[in-house]
């Protein structure tokens, strides 16, 4: 088992990464002092419940916990105030009190939703994350929890750090390969912003990662979480540094929105976005090799590096402007300066961005 | 103008109390560095908007702020997730960003609701409170914000401290006398838990307070806020000490619930509850004068010290058990040990409570 600590003062917490962790979950809950007397609400989704909930429930019950499981529909639509309302109701009916714990078993959607339940129920109770996707390594560090509003994603939320994260690699074996690739896109992103040697390692170990080799996957998730935790501990509330985590996300979010959510999944959209950012780097005079290397690596992982030809540049530019409320003329981007390091540029001419978006169209 | 600081480390904030503060609000916003470029959402209710919104909007506009006003229906029903959803929509449509401020203009309902909007919009933006009731002196200290769930009051919320509180005494002139009395009930509570000489002062100045004499009212609000701020700064997250603020609230909440909200307003219900707690003190061997003094003072302020005869003791006991999930047999109460000091007793026999509730029935 690997372990790393997200260092946030008195809100610090460990991430445990390894095989067979779920079967020992009850012990981990006890070790962390989560009170036996206070009921637990386990939140999971319709895609995960049949695969993993039994094992987690059994382990917690064996340790003496009373667990009530609430299942939400799989998918982004569950990140809503309506679902928050339902889960708060479930928490009340299950008799949760101020010392209770809310557990998220699932991917990013369940983590964000259950995390906001934990943040807001009785003004904040304990929270434990049990991620079941590669992508969730990203949301398991940093404490950002939220639901969506009709007009904007992730706009209603909180910063609420978990007690610990239990990353059982066995759960990843059931993931569709497309989700594995898309999750690895964020893993590689963490290398691209911070650590060239980790990008190199991913490059060298692409086959093992895509084959879900537990040792390779454990190491990659560890490194991905580590980079994110270093960044987050230096800037918990996203005042400045934390913005570098958004490498590829400005173009990526716009692509997701314009393609229709689900057409391009998040990890795919940001892979294309990272290629775009790397091309911006060349415009600023950094080596053009950054872009070609970025592209080569994502291709190796079977990730898209171009967007579908039917999407219009105007629509993508509009989505970006709307998303970030950019001032006329100049835009802010995270731009690589080499493989493994980035800078934040607030002086990116929107004409450059338009040109680069155009060049990312599949043809 | 009086000023006091709620001391919460880097979340400390001042409360300004005085006449004519609203007309100078714009300057106060500027002095506190609230950015001119980021739009403000002003939240108020249907009872307050016509009385005070114009003045506040004008002052902010004069200082250069762009203000959008959102009006919610007056009353407890507005503390809902539906209203949160609407206000987040209003914030988005008004173009609020991460540096924006949400302002609450009104009583406790508006403060709790707008405060939770501020706490959750983009995971937390700035918050300013402009209370317009005597009772709101209580909710303006401590950062507790929340909305209600169908199954429980104040169950979905956060701790979110304001930038500052602007208590313009002129707004109190328009309050119905019943609300003034009920608000003073919480003011006197702050004396009863902490400061005998302030209770004495209230006793001596009841006529001036009920006549809304600005100087007396300003002093009383200052002292009420001061006691609460001392308690809250020693226990921001309600781990122990903060519970003393609930003097009279266990019986009070039960009376509110059983009478139907609105029959007894909050300040009235807790006045009766505080008489009950003072009678418990006598059971524990403290002076019976505590109860007679408490009762005499509340009567002087025109507050009820008995509940309507039609309410049943069983219903009231049930509501208390449900509210606090008391263990069988023994209950927890804040109990006075003298005028101006209290202790928390976890060993109150429910039989004593039943007897005391019976004795508080109007007959």
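The values are calculated or read from the model by the stated rules, or taken from the named source; none is laboratory data. This one's a predicted model, so the numbers in the text were calculated from it and none came from an experiment. Note that we place each Cβ from the backbone using ideal geometry, even for glycine, and neighbour counts take in every protein chain shown.
Against the list (1) surrounded by fewer than 21 Cβ atoms within 10 Å (Cβ to Cβ); (2) touching a residue at least 24 places away in the same chain (Cβ under 8 Å); (3) more than 24 Å from residue B:238 (Cα to Cα), the condition residue A:105 fails is (1). Summed over region B:267-295, residues that are surrounded by fewer than 22 Cβ atoms within 10 Å (Cβ to Cβ) and either assigned by TED's automatic domain parsing to the domain that holds residue B:74 or under 23 Å from the mean Cα position of the chain (by Cα) (or both) total 1. Just give me the residues in region B:52-71 being in a helix (DSSP H, G or I) and either surrounded by 16 or more Cβ atoms within 10 Å (Cβ to Cβ) or at pLDDT below 95 (or both), in sequence order. B:52, B:53, B:55, B:56, B:57, B:59, B:60 - these are the residues of region B:52-71 that are in a helix (DSSP H, G or I) and either surrounded by 16 or more Cβ atoms within 10 Å (Cβ to Cβ) or at pLDDT below 95 (or both).
For region A:20-38, the set of residues classified as in contact (Cβ under 8 Å) with a residue 60 or more places away in the chain and surrounded by fewer than 17 Cβ atoms within 10 Å (Cβ to Cβ) consists of A:20, A:32, A:35, A:37, listed by residue number.
Is there a residue being surrounded by 21 or more Cβ atoms within 10 Å (Cβ to Cβ), more than 8 Å from chain B (Cβ to nearest Cβ), touching a helix residue (DSSP H, G or I) at 6+ places or on another chain (Cβ under 8 Å) and in contact (Cβ under 8 Å) with a residue 12 or more places away in the chain anywhere in region A:87-94? Looking through region A:87-94, at least one residue is surrounded by 21 or more Cβ atoms within 10 Å (Cβ to Cβ), more than 8 Å from chain B (Cβ to nearest Cβ), touching a helix residue (DSSP H, G or I) at 6+ places or on another chain (Cβ under 8 Å) and in contact (Cβ under 8 Å) with a residue 12 or more places away in the chain. Considering region A:212-244 alone, what residues qualify as being touching a strand residue (DSSP E or B) at 6+ places or on another chain (Cβ under 8 Å), under 21 Å from residue A:333 (Cα atoms) and modelled with pLDDT of 90 or more? Within region A:212-244, A:232, A:243, A:244 qualify.
For region A:80-104, a residue qualifies if it is under 21 Å from the mean Cα position of the chain (by Cα), under 27 Å from residue A:151 (Cα atoms) and not in a loop (DSSP other than H, G, I, E, B), and the qualifying residues are A:81, A:83, A:84, A:104.
Confirm whether residue B:118 is within 27 Å of residue B:9 (Cβ to Cβ), in the same structural domain as residue B:22 (by TED's automatic domain parsing) and surrounded by 24 or more Cβ atoms within 10 Å (Cβ to Cβ). Yes; evaluated as a whole, the condition is true for this residue.
Of the residues making up region A:281-308, those that are more than 30 Å from residue A:150 (Cβ to Cβ) and assigned to a loop (DSSP other than H, G, I, E, B) are A:284, A:285, A:286, A:287, A:288, A:301, A:302, A:303, A:305, A:306.
Conditions (1) over 15 Å from the mean Cα position of the chain (by Cα); (2) free of Cβ contacts under 8 Å to residues at least 60 places away in the same chain; (3) under 19 Å from residue A:169 (Cβ atoms); (4) more than 14 Å from chain B (Cβ to nearest Cβ), marked per residue:
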{"residue": "A:215", "(1), (2), (3), (4)": "yes, yes, yes, yes"}
{"residue": "A:233", "(1), (2), (3), (4)": "yes, no, no, yes"}
{"residue": "A:236", "(1), (2), (3), (4)": "yes, no, no, no"}
{"residue": "A:253", "(1), (2), (3), (4)": "no, no, no, yes"}
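Is it true that residue A:181 is buried (at least 19 other Cβ atoms within 10 Å of the Cβ) and either at pLDDT 95 or above or in contact with a strand residue (DSSP E or B) (Cβ under 7 Å, 6 or more places away or on another chain) (or both)? So residue A:181 fits the description; yes. Of the listed requirements (1) facing another protein chain (nearest Cβ under 9 Å); (2) surrounded by fewer than 22 Cβ atoms within 10 Å (Cβ to Cβ); (3) outside any loop (DSSP other than H, G, I, E, B), residue A:124 misses just one: (3). Could you look through region A:127-157, keep only residues that are within 13 Å of chain B (Cβ to nearest Cβ) and closer than 25 Å to residue A:221 by Cβ, and pick out the one that is modelled with the lowest pLDDT? Among residues in region A:127-157 that are within 13 Å of chain B (Cβ to nearest Cβ) and closer than 25 Å to residue A:221 by Cβ, the one modelled with the lowest pLDDT is A:153.
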